[in-house]
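The values are calculated or read from the model by the stated rules, or taken from the named source; none is laboratory data. As the structure is a computational prediction, the values presented were derived from the model and not from experiment. Don't worry about glycine lacking a Cβ; one is built from the backbone with ideal geometry, like all the others, and counts go over all protein chains shown. Note: accessible area is taken over every heavy atom of the protein model, side chains too, but ligands, DNA and RNA are not part of it. Shrake-Rupley method; radii C 1.70, N 1.55, O 1.52, S 1.80 Å.
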Amino acid sequence: MQSRNWPTRLWLLVSILLISAFPGAARAVAEPSRPALQSVTLYTSGVGHFVHSGSVHGNAEIRIPVPRGQFDDVLKSLTVEDVGGGSVRSVTYDVVDPVSRSGIALDPTVTLLSLLQGLYGEPVSIGPDGPHGVLVAAEPAAGTAGAAEPAAGAVGAAEGGGDSRLFLTLLTDQGLQSAGVATATEIRFADSAVRRKLAEALAQLKQSRAGDTRDLVLTAEGRGTRTLRISYVREVPVWKATYRLAIGEGENHLLQGWALVENPGSEPWQDVALTLVAGDPVAFHMPLAAPIYRNRPEVPFPLPDQPLPPEFGDTLWGRGGAELAAPAPETRRTTAREALSLDRGVEAATEAVPQGTLQRYEVRQPVSLAGGSAAMVPIVQARVPAALVSVYDPQTHASLPVAGVQLTNATGASLSAGPMVVYERGGYAGEAVLHYLGEGNDRLISFQLDPRTEISRRTAGVPERITEVRINRGVMTTVTALRREHRYGVASRDATPRTLLIQHRREGDWRLVQPARADQEYADGYRFEMKLDAAETQELVVVEERAREERVSLTTVSRDRIAGYLAQRELPAAVRTALRRIAELQAEHAEAQAALSAVEQQRDDIYGEQERIRANMGALDQTAALYRRYVNELTAQEDRLGELRSELTAARAEEQRRRRALESYIAQLVIE
């Protein structure tokens, strides 16, 4: 018995001696456990920073399962640190070439028809005894969508016992032949390479669906026991902030904030250090796990007369604004019953730590959260100034304001965006949305309609008036003020003292004239404060003005337009005098032009009459009485033309003198 077992005992003895002599040999074949999750930092941009830490001994190969949908994020952000003198030699993972690279068109939308249409030119045979040849075309059978009538003499699949769904056209030794394909018809590819490519493409599709995770394999080399830290950023649900504002007596009211944290994955969080970061760091998804092949552009053959059209980028621009201080708070009455108190039994579980433009909320105690579960973590518990106001904006409601608060963030930290539920006098009052609010900044938020006040709004234009006139070197520049009035009628149905803010939006280049200054100004307009303390009607008048500048050449301006300017009561006296003088000189010049035109008309009339007479004389005998009469008329007309030449010279000289007088006056006219 002992003789038969001695080889086994000898092998065990040798194995024990080898393990004792080379302790790393046993560890080389046993993979160490995955480093435990140590800390999680969640960002409102929808990503999380995960840090794992664990011990390794000697040379180690660590396999990290990563959800397939997050593999790209992990590849983009993975960091590995071997603390204790070791080094990470490699990080490897399996790669699968895209199915499209196989040359076979397989995707979720593939059909038998589309598959065959991508294999034109391949030798095929239909059925065990059916036709065979080179595939030329594939089309739906008659009666199906996009079907065409089969060729005459087509071999129907009905011969094999079924209705044809497709018709294939094959090139055979006898020519083209059409054959029907039914649901149970066998289609064979003669080329083994095609069959192999099809099998490989199907295998790739199967592999891409295999399992929910892909493995990253880290190879670390070193001696002794060391700490290995692994970190990465991957997609996670956005952590959400929710707030409760309890309105009580005085100017400071309790603001309570909770963070909703979710762990939808299967891996549990056990005693991890949790940090919540409010802000929007840039985060994006980039496909890295799959091989990427660069598509080269198709460039046409260069033709000198047909260059490609250029493309130009757009210019982007913007502007912002600021909000002013909040008005005095509204006093509210409390009821006899106990009011809601949010400061009993709850305290913030985080420390607020600024991080550049971000705000970190570091949870003081380790957090455990099972996979597929969520938790609420209190992050804010502080009293903050909040002035109660009513705000009217016609774009929100045509006649009613909304009740709200002018909230000042005095929590010592920036507040992430989230919903806010408002409680007043121990009861639910409404809800609002708080956008990101920096520490020390103010924000006006509303949570319900305020039916205690009704507001009407009317807008009317005001006649234009000239505010400025300048004349320089023949050009008159006028600045005209366009005005409009907005009248807000405020009817208060309640005598409770309160503050109303009327929000008036700014349009274009209209500027505020009355009131001289708004109580608050924001990016898109103004807010005006009104104190309401009685059931009465008040009115707020907002006047806006816009300047319109116009330039007119005085050498070409008409007398009618000058008359329009002179009708303006706001016209300066010096400008009025100058325009009147220009009107007088224009009248004198017009009179000289009329006189010159009259002389020229007389001359032209005589020229026309002489042409008529000469035409008639050509048809008469020179001894005729009418001929002699025409001679006398021509003689008299010539005498008159001599007189008109003198008159024309004088009229032209007078017109030029009057025109030079007008131009000289305008040229030297300067009025600032």
### Message
Please give me the summed charge of the neighbours of L78: other residues whose Cβ is under 12 Å from its Cβ, Lys and Arg +1, Asp and Glu -1.
### Response
0
### Task
Express the accessible area of the stretch 522-672 per residue in Å², computed with a 1.4 Å probe while the remaining protein chains stay in the model.
61 Å²
### Query
How big is the gap, in Å, between the Cα center of the stretch 353-378 and the Cα center of the stretch 527-564?
56 Å
### Loop-located trypsin sites (Lys or Arg not before Pro) in the stretch 555-662, at most 15 other Cβ atoms within 10 Å (DSSP)
R569
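Roll a 1.4 Å probe over the protein chains and send me the accessible area per residue for the stretch 479-519 in Å².
47 Å²
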### Query
Over the stretch 368-502, what percent of the accessible surface lies on carbon and sulfur atoms, probe 1.4 Å?
49 percent
### Query
How much of the accessible area of the stretch 527-608, in percent, comes from carbon and sulfur atoms when a 1.4 Å probe is used?
45 percent
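Give me the 1.4 Å probe accessible area per residue for the stretch 173-285, excluding ligands and nucleic acids, in Å².
Solvent-accessible surface per residue comes out at 54 Å².
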